[in-house]
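Trainee: Pasting a structure here, questions to come.
The values are calculated or read from the model by the stated rules, or taken from the named source; none is laboratory data. What you see is a predicted model, and the numbers here were worked out from it, not measured in a lab. No Cβ is skipped: glycine too gets one built from the backbone with ideal geometry, and neighbour counts run over all protein chains shown. For the accessible areas, the whole protein counts, side chains as well, though only heavy atoms, and no ligand, DNA or RNA atoms are used. Shrake-Rupley method; radii C 1.70, N 1.55, O 1.52, S 1.80 Å.
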Amino acid sequence: SACLLSRNRVAVRSGSSSSSSSSTRPMMGPEPPPSKARGKPDWVRILEEDAAVDEEVAELLKGTGSDPDKIRAKMQAKLAQPPGAPELLFQAPTGSDTPPRITFREVDVFDMWVWLELLVPPAEREKELLTSTVRSWFVVGKLGGYNSSNLQVYYNNSDDNSFLDYDNTELGGAYRSYMHECSDPEFKGSWARFHVDMGTADELALDVLLNMLLGFSAEVAGISRITLGGEHERWALPDDEDDGEEGQAGQRRRKEQQGDVPKVGCGVLSQQG
């Protein structure tokens, strides 16, 4: 990585500096301790030069005030993280201790929107982690993971699963539960939404999703409410954006006022703020 390259440059330059100055040092006696009057160590100055053209080095120095000890600590933490490991696993909890309110609106499992209202507009990192969370949930469903007809381990009567007599006889002909589609989250202010076609996946998928979002709210970014189904009053669905700002929700409300269609009391979300 760029940080490692900078460390190598620091080592090379520091080595050159040491060799060139060795001739001026006394041959005997201990080396005098570094003086604060000398200013920053050479390797810190080198990193500061690199930061002007290298975003990763600039991120390394951010918040350290060019303090060598703080820079070393950040470098060690960076090197301790396995390559490709999710950033979420190495972050202190930054979410909310108050769980979000969960509500269900008009639900069509083949055409359902999930709406999230966060406590504050999410940062880019939080958007990326939420997207990864939703994608992970979908991958499990796409591979048939949400199949309540095959929960043999869960329904095992014993607390010990050692030597469990797993029934393999009907696995080949077992009913499959595959999720069909799931969009990446879209963001608007403090709101997020994504669309789901659950296909033949069981409702178990919704329990798993809600548990994941509860964890996301506690560990990453606080969520004030989670709503499954329905529409947003001021965020038109994609197919209705050409019909104006209010979209389908506004059309439905106008038709209800005119008495053209029966009211759907749970079908529309209101936006706060």
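Trainee: Given the protein chains as shown and a 1.4 Å probe, how many square angstrom of THR200 are accessible, to the nearest 10?
Mentor: Rounded to the nearest 10, the figure is 50 Å².
Trainee: To continue, here is another question. Given a 1.4 Å probe and heavy atoms of the protein chains only, how would you sort LYS74, LYS62, LYS40, largest accessible area at the top?
Mentor: Numbers: LYS74 70, LYS62 135, LYS40 90 Å².
So, going from the largest accessible area down, we get LYS62, LYS40, LYS74.
Trainee: Another question, then. Once R0 is set to 30 Å, what does the formula 1/(1 + (r/R0)^6) return for the Cβ-Cβ distance between ASP165 and ASP239, expressed as a FRET efficiency to the nearest 0.05?
Mentor: 0.05
Trainee: What order do TYR155, TYR166 take when sorted by accessible area (1.4 Å probe), most exposed first?
Mentor: Numbers: TYR155 145, TYR166 80 Å².
The ordering from most to least exposed comes out as TYR155, TYR166.
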